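Right, one structure below, let's go through it.
The values are calculated or read from the model by the stated rules, or taken from the named source; none is laboratory data. The structure displayed is predicted, hence computed values, not measured ones. Positions of Cβ are backbone-derived with ideal geometry, glycine not excepted, and every protein chain shown enters the neighbour counts.
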Amino acid sequence: MSTPDEELEHKNAGQDVIAVDADDNELEPVNRLDAHTGDGIRHRAFTSLVFDGEGNVLLAQRAPDKRLWGTYWDGTVASHPVEGQSQEEATRERLEEELGITPDQYDDLRLTDRFEYKRYFENEGVEHEVCAVLKLTLSDRSLDPNEEEVAGLMWVPYERLHTHPEWYRQLRLCPWFEIAMRRDTQ
């Protein structure tokens, strides 16, 4: 576990997330680090799945210095909207910041699901989120990844990943992406 001094120095200690009830109704802003330590605080989050028009999903490997799930593979981008920001606005912002994907590369951003989950990660922290799932299809696959956020990128056939997850076991998928994918293809 991190020491109190290390927690104060962590960049997340200066940010807030939105605490929510089980129905994703906003309660109050809470410190991001507090929301991800101890037993966690249920908060709003999103994961966005980017497709290429040929049935492939873009997986992004989280940067190694991420406090939770560093080097795990995620369904393109995941984060938390800030107070007053919609899931769609937050997705557009993270796509551009993490991957250089701009709104002129897609026109079909849509919210497709929402679920609650709670997962602990090693001795580092916890995710307790009401997670929205958003999808979009790129018309232009040009990417400019930010190495502080993304360690690797891989286009994977989405249906194949769902049908044969054991073939991709070595990727160590983020739990929220696995849940979103399983719910999407049920």
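Values for this structure:
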read-out: Answer from 133, 77, 156, 150 - the residue that is under 24 Å from residue 26 (Cβ atoms) and in contact (Cβ under 8 Å) with a residue 40 or more places away in the chain; value: 133
read-out: Residue that is of a type in the set (Ser, Thr, Tyr), in contact (Cβ under 8 Å) with a residue 12 or more places away in the chain and part of a loop (DSSP other than H, G, I, E, B), where the choices are 47, 112, 91, 71; value: 71
read-out: Selection count where residues are in a helix (DSSP H, G or I), buried (at least 17 other Cβ atoms within 10 Å of the Cβ) and touching a Gly at 6+ places or on another chain (Cβ under 9 Å), scope the range 133-164; value: 1
read-out: Filter pass, residue 166 being among the charged types (D, E, K, R) and touching a helix residue (DSSP H, G or I) at 6+ places or on another chain (Cβ under 6 Å); value: no
read-out: Any hit, the range 91-112, residues being closer than 19 Å to residue 145 by Cα, modelled with pLDDT under 95 and aromatic (Phe, Trp, Tyr); value: no
read-out: Which numbered condition residue 48 misses (of (1) more than 29 Å from residue 143 (Cα to Cα); (2) of a type outside the set (D, E, K, R); (3) at pLDDT 95 or above); value: (1)
read-out: Residues within the range 50-65 that are basic (Lys, Arg) and either without any contact (Cβ under 8 Å) to a residue 40 or more places away in the chain or more than 22 Å from residue 120 (Cβ to Cβ) (or both), tallied; value: 0
read-out: Residue 167 aromatic (Phe, Trp, Tyr), out of contact with any Pro (no Cβ under 9 Å at 6 or more places or on another chain) and either surrounded by 15 or more Cβ atoms within 10 Å (Cβ to Cβ) or touching a residue at least 12 places away in the same chain (Cβ under 8 Å) (or both); value: no
